[in-house]
Structures are given as C-alpha cells and as structure tokens.
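In what follows, a single structure is set out as structure tokens and then discussed.
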Amino acid sequence: MLARVLMASLALALAACAPAPPLRGTGDLGLVIERATGQVTLIETTGRSAYATVKGLGDLSHASVVYSRDGRYAYVFGRDGGLTKLDMLRARIAARVVQAGNSIGGAISQDGRVIAVANYVPGGVRLFDADTLAPLADIPARFDGGARRAKVVGIADAPGERFVFSLFEAGEIWLVDAKDPRHPRVTRFEGVGREPYDGLITPDGRYYVAGLFGEDGLALLDLWHPEAGVRRILDRYGRGEQRLPVYKMPHLRGWAVAGDLAVLPAVGHHEVLLVDKRDWTEVARIAVHGQPVFAIAQPGGRRVWVNFAFPDNDTVQVIDLPSRRIVATLKPGRAVLHMEFTPRGDQVWISARDDNTVSVYDPESFALLARLKVDHPSGIFLSARAFATGF
C-alpha cells in the first residue's frame, strides 16, 4: 500500500513538473497545405512561425479549408474525398471520414452546425454534422433527366443556413436550404452558361457569381431575390480577342472587392477585369504579367494582389486601384500558388510550391519579414476565415 501511495505521489510530482502546452487563442492561427505529403503545417502570425505539423490527411493535391465558428477546428477537404476535422490547439486530427471518391471543396453553415462537401465523384453535395462528422444528407447533382451526374464546383455558404454551388457539365446553379439538414430543400437554376468552373459569394452574402469556362461571361444570382433567376454579366468580355491556352483555372473565391469595385481574373487573357458592383458592368481592365489565378484585395481595399498560371507563376503583381497602375512586381519563388492576408492587413503570406517556401511580406513596404521552409506548400488558410461569409 505504501509503495502504491509513493508511486502515485511521484507520478503527480512528475506531472506537475512536465511542461504545460502553451496557452493560446485561435485568432492568429492558420495552416498551410503540403500538397505532396498528406500533411499540414500549422502556423501563427504573431511570431510568423510554424508551431506543428499534422500528418495523415490523405490526398491534398487540391485541398481547401473552412473553420468552426470559434476558429478552433479546421475542416480540410481533400481531393480523395477525405473530410478531416483538425484541432488547431492540440495539433491533432479530431475526426476523419472518406466520404467520396473525388472531392473539390466544401463550406460550413452560417450557424456552424453543418459541413457541406462538394464532390466530383460521385457528383453531388453531402452534408455532415460539424461536431461528429456523422452524415446528414446526400444531394446528388443529377441532370439530363436524372441520367447523368455533374461535378460540383464553387460551393459557398450563404445567409439563412443555405449553400449555393454550380454544376460544371450541367450549366446549372443550385441553392440549398439546409435549415433542416436531414431534409434539405433544393432550388435549381438551369441554363446559366457553359461549364461554370468556380463560384464566389460577395462579402455581404447577397450575390453569388459563377465564372464560366466554356464562354466569356459570368452568371449572377441575387440571393435577396432568387425568384428573379440568374442573369448574365460581363457577357463576351473577350470579344474580338484570341483566347490563350489555359494552364491553370483562375480562382474566384479569393476575389477582390474594394468599395464599389470588384476585380476578377479574365479566363484565357492576361488581364483582370474591374467591375462596378452596383450594376455589374465592366469599368476597365488592367493588363498584367500573365494569366491571373487569384486576384485578392489587401485589407483596406486600395490594392489588389495577383498571382499567375504557368509559365509566369514565379511572380506576384500589386495593383493600385485609384490609379489603376501596377505598383510592385515581386518574385517570391517558383510556382506561387496562394496568398493570404492577416485580417488587419499587416502581413501577406505567399506559398511557392517548387521552392518549398512560404514567405511573409509587409504589404506596405513589400519587405520580406520571414521565410518558412514547408514541403510543397499550396493553400494558406488563416482562422480569421471563421468570421467571414463565403470562406
């Protein structure tokens, strides 16, 4: 008995001496996808450092992330259909399911209770409980009289516990009311244009815009008045111009909104389009270094940062919107894939896949603040996304 008491006392003493895990909030955390290793690097922006890696997330060759409403949990959508719930504070996997054969992204509901996953194979959307990852509903993306299933792209959360997404082969946009996530209600909008390849939602949650790969133009759905249907905007913006081969699909999700202007990448052109958000008409276009992939607004809205597809993907350009001039051209490394600003705009993090680096810049002076070694980095996702619509 005495021996057991002594052993218990020793164990308590050793536990008291063991270093406690660092206390931290979630507000300055984030993660970097390592697309070739099936793992993520966890980062913190105050010290501009990496604090952990987490393995076992499957195929991350095209991965995206959303956050729980408190920023503690990241939901990672892998290309292999994996849905992984990651605990950012404990740096470990909290839950994981492989829910499809090929997945392209996902979203979290306004109240944080439901995760929606967009799938290529089988084409459709599946809903899961955000706490347990238990399945709630399956929404097959059937078209052509139900005979075919389309790839689902451009999924976003919308106010009112809704999700909105596009069907690539079908040329449709679907709006899903998930207030009762076990019995979601679907509204279909057909004939929106050829091959919608990505979609975005405005920061105020009012408009959903789908880019069209099969033709020059975009499709716009007013979520305040969905009964009005989908209308075309920027129709034939490339008229009279020869379209270039597209080496990488542009992304609309990181689009730039600054005041009344929206800045969008032009598919197959070395240009970004400036659009008046009040009536969705083209205001101007700006020639850039290559085919834009992301056009992202710096917090404050004055500047837009643009990266490019191969073979110009070692470059980032910065556009000053009032003058509509390029004010900086940076070379962060080979194969720049993603950029992410801290919420108040004091840093921009940029991944360079082929140099295995993530660089942190001062967006005002363009000075290099830090450079981290990360294995084949791609997407950078900060926990501040938890507090924004459409991310």
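Across the range 286-343, the qualifying residues are those that are in contact with a helix residue (DSSP H, G or I) (Cβ under 9 Å, 6 or more places away or on another chain) and among the β-branched types (Val, Ile, Thr), and the one among them that is farthest from Thr357 (Cα to Cα) is Thr342.
Counting only residues that are surrounded by fewer than 23 Cβ atoms within 10 Å (Cβ to Cβ) and within 16 Å of Leu60 (Cβ to Cβ), the range 108-120 holds 1 of them. Does the range 28-35 include one or more residues that are loosely packed, with under 15 Cβ neighbours inside 10 Å and either at pLDDT below 95 or of a type outside the set (Val, Ile, Thr) (or both)? There is no residue in the range 28-35 that is loosely packed, with under 15 Cβ neighbours inside 10 Å and either at pLDDT below 95 or of a type outside the set (Val, Ile, Thr) (or both).
Does Val54 meet the test of being under 19 Å from the mean Cα position of the chain (by Cα) and either surrounded by 23 or more Cβ atoms within 10 Å (Cβ to Cβ) or not basic (Lys, Arg) (or both)? Criteria not met by Val54.
Reported count of residues in the range 364-384, each being within 18 Å of Gly300 (Cβ to Cβ) and either buried (at least 20 other Cβ atoms within 10 Å of the Cβ) or of a type in the set (D, E, K, R) (or both), is 3. Go through the range 89-100 and report how many residues are among the aliphatic types (A, V, I, L, M), assigned to a strand (DSSP E or B) and either buried (at least 23 other Cβ atoms within 10 Å of the Cβ) or in contact (Cβ under 8 Å) with a residue 40 or more places away in the chain (or both). The total comes to 1.
Tell me the residue from Ala130, Ala150 that is of a type in the set (A, V, I, L, M), buried (at least 19 other Cβ atoms within 10 Å of the Cβ) and over 18 Å from Arg79 (Cα atoms), please. From the options Ala130, Ala150, the qualifying one is Ala130. Is it fair to say Val164 is in a loop (DSSP other than H, G, I, E, B) and either surrounded by 23 or more Cβ atoms within 10 Å (Cβ to Cβ) or of a type in the set (S, T, N, Q) (or both)? No: the conditions fail for Val164.
Screening Gly124, Gly146, Gly171 for residues that are more than 18 Å from the chain's Cα centre (by Cα) and at pLDDT below 95 leaves exactly one candidate, Gly146.
Entry remark, the range 269-290: residues being crowded, with 21+ Cβ neighbours inside 10 Å and in contact with a Gly (Cβ under 7 Å, 6 or more places away or on another chain) number 1 in total. A count restricted to the range 36-51 and to residues that are under 20 Å from the mean Cα position of the chain (by Cα) and either closer than 20 Å to Tyr120 by Cα or not in a strand (DSSP E or B) (or both) stands at 4.
Here's the yes/no breakdown for (1) in the same structural domain as Tyr197 (by TED's automatic domain parsing); (2) β-branched (Val, Ile, Thr); (3) over 14 Å from Pro184 (Cβ atoms):
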{"position": "Asp87", "(1), (2), (3)": "no, no, yes"}
{"position": "Ala94", "(1), (2), (3)": "no, no, yes"}
{"position": "Gly106", "(1), (2), (3)": "yes, no, yes"}
{"position": "Val114", "(1), (2), (3)": "yes, yes, no"}
{"position": "Val125", "(1), (2), (3)": "yes, yes, no"}
{"position": "Leu136", "(1), (2), (3)": "yes, no, no"}
{"position": "Asp144", "(1), (2), (3)": "yes, no, yes"}
{"position": "Ala150", "(1), (2), (3)": "yes, no, yes"}
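When Gly123, Gly105 are checked against the criterion of being surrounded by 15 or more Cβ atoms within 10 Å (Cβ to Cβ), within 26 Å of Val40 (Cα to Cα) and not aliphatic (A, V, I, L, M), Gly105 stands alone in meeting it.
Out of Ser61, Ser103, one residue alone is outside any strand (DSSP E or B) and closer than 30 Å to Lys151 by Cα. It is Ser61. Candidates Phe391, Phe381: the one that is aromatic (Phe, Trp, Tyr), part of a strand (DSSP E or B) and either under 30 Å from Gly205 (Cα atoms) or within 15 Å of the chain's Cα centre (by Cα) (or both) is Phe381.
The values are calculated or read from the model by the stated rules, or taken from the named source; none is laboratory data. The structure presented is a predicted model; accordingly, all values stated were derived computationally and were not measured. Methodologically, a virtual Cβ is constructed for each residue, glycine included, from the backbone with ideal geometry; neighbour enumeration extends over all protein chains shown.
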